[in-house]
Amino acid sequence: MIKKILAANLVALWLAGAGWPAETPQKIRIGFPSLAFSYLPFYVAQEKGLLKKFGIEAEYIQMRTPIQPQAVINGNIDFFTSVSTGISAAVAGLPLVVVLNLYNGAPWILVTGKEINRPQDLVGKNLAISAIRTSPYYFLLAALKKWEISEKDVGFISTGGTASSFAALTTGQVAGAVLTPPFDDKAVSLGFKKFQFLGDLAEVPYVGLITSAAEAKSQRDRVQKTIAAILEGAAWVRANRSETARMIADKFKVTPSEAERTYETLISMLTKDGRLNLKVARGYLEILRQERPVPPDLDPQKFLDFSMLPTGK
């Protein structure tokens, strides 16, 4: 328990030691594609007043993942959360940097109707993903490759986010959907089945905090405080199992047992240091090389800036 308390207060002590005075809250906007369990540290940071504690007034904006990188560059938002999308856009030339990585691993799973019994049953069917060139897309591609099914033999339906992919599946618009907890268990309770776990099929980063290189340089204190609040949100999740499970059950309208399983998945993946494993970053660049020219000597650290993590992270 003492360790949990220390973890929950590490970031607060770090900032307090920095000697930042009380001041007018700095306003930020963060883009999210849809409701998803992976954003719980963000929800907690907002709802438990952690962002305000660090002098940040945050507005959460729902927008489709593919438009988020340009929205940051244009100044419409200050941050977004898809690490894979951020790196992909940076490789394409946008001046973006990943300043925080929240997870080691990804929980994506292909959920289908019970009529899908083998991979070949997917041929000619439509499958829901958040968007092309996002994490669920790349994980599904890896599965199709494993099953020796051409991507041209299935239809990709871009829904904008996991919650919308769940809705597309449960309303019969698609034969399968790439989902995360608790949507997978929720779908099973409605008569669907978990067809294939995808999270171990490819090196694709998951969720964190991405901003512009200009923001990271000129608004360093604001970025640092935002990181601190999100990390404290993650620490709060670790230290408050029962309340987090209740939050999951309430937000996603799932049973207590489904919420508990989702919590276990969340905790098992939360990173300890806020950094992205370079093996994953390099593996992701290899995936990108399959669809576009990427220099063989490109160093992924060019797109990573973890210098604003708390001391010891």
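Nothing in this text is a laboratory measurement; each read-out follows from the coordinates by a stated rule. These numbers come from a predicted model, not from an experiment. Because the Cβ atoms are built from the backbone with ideal geometry, glycine has one as well, and the counts that use them run over all protein chains shown.
Structure notes:
- Dipole magnitude for the chain: computed about the Cα centre from +1 point charges on Lys and Arg Cβ and -1 point charges on Asp and Glu Cβ, it is near 300 debye.
- The chain: most fluctuating residue of Gly93, Gly208, Gly55 per GNM, C-alpha cutoff 10 Å: Gly93
- For mean projected area of the Cα convex hull in nm², the value computed from the atomic coordinates appears in the list [x] 15.8; [y] 19.8; [z] 18.8 under label [x].
- D (Stokes-Einstein, µm²/s), Kirkwood Cα radius, the range 109-197, 0.890 mPa s at 25 °C: 197 µm²/s
- Averaging 1/r across all pairs of distinct Cα atoms in the range 44-96 and inverting the result yields a Kirkwood radius of 12.3 Å.
- Taking a span of 27 Å or more along the helix axis (Cα atoms) and a mean Kyte-Doolittle hydropathy of at least -1.0 as the rule, the DSSP H helices of the chain that qualify are 220-239.
- Summing Cβ point charges (Lys, Arg +1; Asp, Glu -1) relative to the Cα centre of the range 109-197 gives a dipole of roughly 80 debye.
- Rounded to the nearest 500, the helix-only mean residue ellipticity at 222 nm of the chain stands at -13000 deg cm²/dmol, with each DSSP H run of n ≥ 4 adding -39,500 (n - 2.57).
- Projecting the Cα positions of Ala92, Gly283, Gln120 onto the charge dipole of the chain (unit charges on Cβ atoms of Lys, Arg, Asp and Glu, taken about the Cα centre) puts Gly283 furthest along the positive direction.
- With 30 Å as the limit, the listed pairs Lys145/Lys193; Lys146/Lys193; Lys48/Lys272; Lys146/Lys186; Lys27/Lys279 have Lys27/Lys279 beyond it between alpha carbons.
- Net charge dipole size for the range 149-195 [Lys, Arg +1 and Asp, Glu -1 on Cβ; Debye, nearest 20]: 80 debye
- For the range 109-197, the antiparallel share of DSSP beta bridges with both residues in that region comes to about 55%.
- Sequence-separation-based contact order of the chain, relative, with Cα cut under 8 Å and 6+ spacing, percent: 27 percent
- Over the range 109-197, relative contact order from alpha-carbon pairs under 8 Å, at least 6 apart, %: 47 percent
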